[in-house]
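*Asks:* Quick one: the structure is below, and I'll ask about it shortly.
What follows draws every value from the coordinates through simple rules; no lab data is involved. The structure displayed is predicted, hence computed values, not measured ones. Note that we place each Cβ from the backbone using ideal geometry, even for glycine, and neighbour counts take in every protein chain shown.
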Amino acid sequence: MTTTPQYRAAGTRSHRLRYTQAHSPTISHIRHQEVSAMSILVNGAPAELPFDPRVSLLDFLRDRLHLHGTKKGCDQGACGACTVLADGERILSCLALAVQYDGRSIVTIEGVGSATELHPLQQAFIEHDGFQCGYCTPGQICSAIGMADELQRGVPSHVTDDLDAPTMPFSAEEVRERMSGNLCRCGAHNGIIDAIAATFAPSPMPETEAAQ
């Protein structure tokens, strides 16, 4: 029986987002369930969806719920614009089927902050010029929030030296590696790294390191 991968954003040298198969139901199992509808908790509110194994999570969010903050960029998992948080972990919604997340919690950029109360990372993006056209910004912010949680949980990356450390070091090298799956075609990467560091770094990163 083949398991359908659950994709999760984590930077790699090839700018591809790796995936895990944990907690992901098989398509054959889903197909044989007698289900007429499913429910996903989106930004804290239950959202009902008639059972349709063909709908991607991205299309469910944008077309069914009209949450247009999550962007459709490449639609093949290469740019990171569609990144959302699933039970706190960053995933690529363009590569995920909505039915895989029945009963689970999804947070989009609309659930991160509001027009009257920005998330600290959103405010930092403004202060550090972490965006230009803004198209990739929702995915960048969701990915950075998930990345900060990975560092706290000790999830290693391609550049991690000590794989057994309980938490990962917060460095420009780690952040750039882990965010490499989220592309900014306007070239605002330095501002993005500065905004992430200002929000999540336990102590300021050296200027020479942050500017690399």
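*Asks:* Output the relative contact order of the stretch 120-210, whole-number percent, from Cα pairs under 8 angstrom with separation of 6+ residues.
*Replies:* Values: 97 pairs, mean separation 37.6, N = 91.
The normalised contact order for the stretch 120-210 reaches 41 percent.
*Asks:* If you wrap a convex hull around the alpha carbons of the stretch 120-210, what volume per residue comes out, as a whole number of Å³?
*Replies:* Enclosed volume per residue, from the Cα hull, is 90 Å³.
*Asks:* For Ser203 and Gln132, what does the FRET efficiency come to when R0 = 22 Å and r is the distance between their Cβ atoms, rounded to the nearest 0.05?
*Replies:* Computed FRET efficiency for Ser203 and Gln132: 0.20.
*Asks:* Same structure, new question: Go ahead and run the numbers for FRET between Ala45 and Arg185, Cβ-Cβ distance against an R0 of 35 Å, rounding to 0.05.
*Replies:* Values: r = 32 Å, r/R0 = 0.93.
It comes to 0.60.
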